[in-house]
Amino acid sequence: MKRNDLFDFLDIPFTFQKRPVAIPADLRADWRIGILVLILNISCRGSRASIIKLHVMNWAIRSNQGTELFLKLCAGQVSPESIIVRFEPWLNRAIDLALAEGILRRVDGDRVELTPSGTIMAKEILGNKECFAKEKEFLHGLRKSISEERLKKIIETVIYQ
């Protein structure tokens, strides 16, 4: 086929059709960054947390089952051995993107904290009642009740069982 024939062939009417979203919302970087900002702002002292705590909180927030298990764990109704926390590579990518965008900064090696622009982002998300409604309700219910020490013990129990 000659070049002109190809252009003639391609010169036809076309339409766009809406297709399903290829990536589920909870795997999108913008959703994950929003969750990170909320976790740090609502549930972490000094808006600072270890990467492990962020992974555990992310696991808890992703599904109703994870949320329910985490709340039972915090209340002492289930043992750490009865849960399986999933560490998501997507969360690490979201952390890297948030660091690159200046939303987070690294402190003390394995910890991150909100920057002033991250705090502004958190306030904007908190101000929108429709945005992350279920997640905000869960995080406000916990507040800062699960400390890094308690979480570390839970993770050690799960990892070394």
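The values are calculated or read from the model by the stated rules, or taken from the named source; none is laboratory data. From a predicted model like this one, the values you see are computed outputs, not experimental measurements. Here the Cβ is made from the backbone with ideal geometry for all residues, glycine too, and neighbour counts use every protein chain on show.
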message: It is to be established whether one or more residues within region 58-76 are among the polar types (S, T, N, Q) and loosely packed, with under 12 Cβ neighbours inside 10 Å.
response: yes
message: Please verify whether T119 is surrounded by 13 or more Cβ atoms within 10 Å (Cβ to Cβ) and either in contact (Cβ under 8 Å) with a residue 40 or more places away in the chain or among the aromatic types (F, W, Y) (or both), treating the condition exactly as stated.
response: yes
- prompt: Somewhere in region 134-155, is a residue more than 22 Å from D30 (Cα to Cα), touching an Asp or Glu at 6+ places or on another chain (Cβ under 9 Å) and exposed (fewer than 13 other Cβ atoms within 10 Å of the Cβ)?
  reply: no
- prompt: Limited to region 80-96, what total is found for residues that are in a loop (DSSP other than H, G, I, E, B) and without any contact (Cβ under 8 Å) to a residue 40 or more places away in the chain?
  reply: 3
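Any idea which residue in region 97-129 is modelled with the highest pLDDT, counting only those that are part of a loop (DSSP other than H, G, I, E, B) and small (G, A, S)?
It comes out as G102.
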- prompt: Do you know which residues across region 78-98 are over 14 Å from the mean Cα position of the chain (by Cα) and farther than 19 Å from S43 by Cβ?
  reply: V78, S79, E81, S82, I84
